Amino acid sequence: MYRRDFIACLASAGAGGGFLVSCVGGGQMGLPGGRVAETPPIPARWRDLRIDRSLMIPAGKYARHRPRRLRPRYVTIHATDNFARGAGARAHASGLHRGTHTATYNSLGYLSWHFTIDDRTIYQSLPCDEQGQHADYEGPGNRGSIGVEMCVNRDGDLRRTLDRSARFTAVLMKAYRIPLANVVPHYHWPRTRYKDGKYLGHKACPSVLMTAGRPGPKWEGFVAKIGGYRRQLG
Ligand SMILES: [Zn+2]
């Protein structure tokens, strides 16, 4: 279902209209009252990781019609498995923004996640203090993690996307005080479908970093890269 939803997304995303309003993420750490920053601050040295918030899911609509608070303790890494040309971050964010990523088997009726990254852009779809529906239905993955989708469109530069995703994950770790041990692949969360209680096991996601369908050397190399970038941030 998850995969089919993405294909549906691709079909509906199209070229998209409107114009982009890019902005550097302006989140703040240590907000009053222990509130969680909606957006992480981007360090000056990595300005290419600027976050575009122009296609956020509208508050109160679609996947945000029933917002639930999130205090992020994990980052969950995904890949879109959408290899079509043009299926970059904007196309996916546009689908979320317009409510086209419907889902039959979760309690919300929509898929949602926080960030989509390609080789040039990062789009935010949900504030980091709201739960998404990207990992495990009503499970702890969705209840406690920020969801990051990496694009694999064939007209993108995957190596660059992976490097940008590693740096951006380091930024999230610092902003929300998340340890490297809590940076996990979607595979980490076993899935029990909400609607009918069917157990689906572990998803081989992010597929581009799995080895024989599960985390192995490629995933471990990616995590090591994230750890190195996190140390650079101090
Ligand atoms: Zn996934």
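The values are calculated or read from the model by the stated rules, or taken from the named source; none is laboratory data. Just so it is clear, the model here is predicted, and its values are computed rather than measured. Virtual Cβ from ideal backbone geometry, glycine too; neighbours counted across all protein chains shown.
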Exercise. Could you tell me whether any residue of the stretch 169-189 is over 17 Å from the mean Cα position of the chain (by Cα), away from the ligand (no atom under 16 Å from the Cβ) and assigned to a strand (DSSP E or B)?
Key: no
Exercise. Report yes if some residue within the stretch 122-136 is surrounded by fewer than 23 Cβ atoms within 10 Å (Cβ to Cβ) and small (G, A, S); otherwise report no.
Key: no
Exercise. Within the stretch 58-66, identify whether any single residue is closer than 25 Å to V184 by Cα, more than 14 Å from the chain's Cα centre (by Cα) and at pLDDT below 95, and answer yes or no.
Key: no
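Residues to consider are D136, D119; find the one that is among the charged types (D, E, K, R), over 15 Å from R193 (Cβ atoms) and not in a strand (DSSP E or B). Write out each step before concluding.
Details: D136 fails: over 15 Å from R193 (Cβ atoms).
Sole residue among the options that is among the charged types (D, E, K, R), over 15 Å from R193 (Cβ atoms) and not in a strand (DSSP E or B): D119.
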Quiz item: All but one of (1) within 16 Å of the ligand (Cβ to nearest atom); (2) within 11 Å of V75 (Cβ to Cβ); (3) part of a helix (DSSP H, G or I) hold for I146; which doesn't?
Solution: (3)
Self-check item: Of residues in the stretch 42-88 being farther than 21 Å from Y176 by Cβ and within 16 Å of the ligand (Cβ to nearest atom), the one surrounded by the fewest Cβ atoms within 10 Å (Cβ to Cβ)
Solution: F83
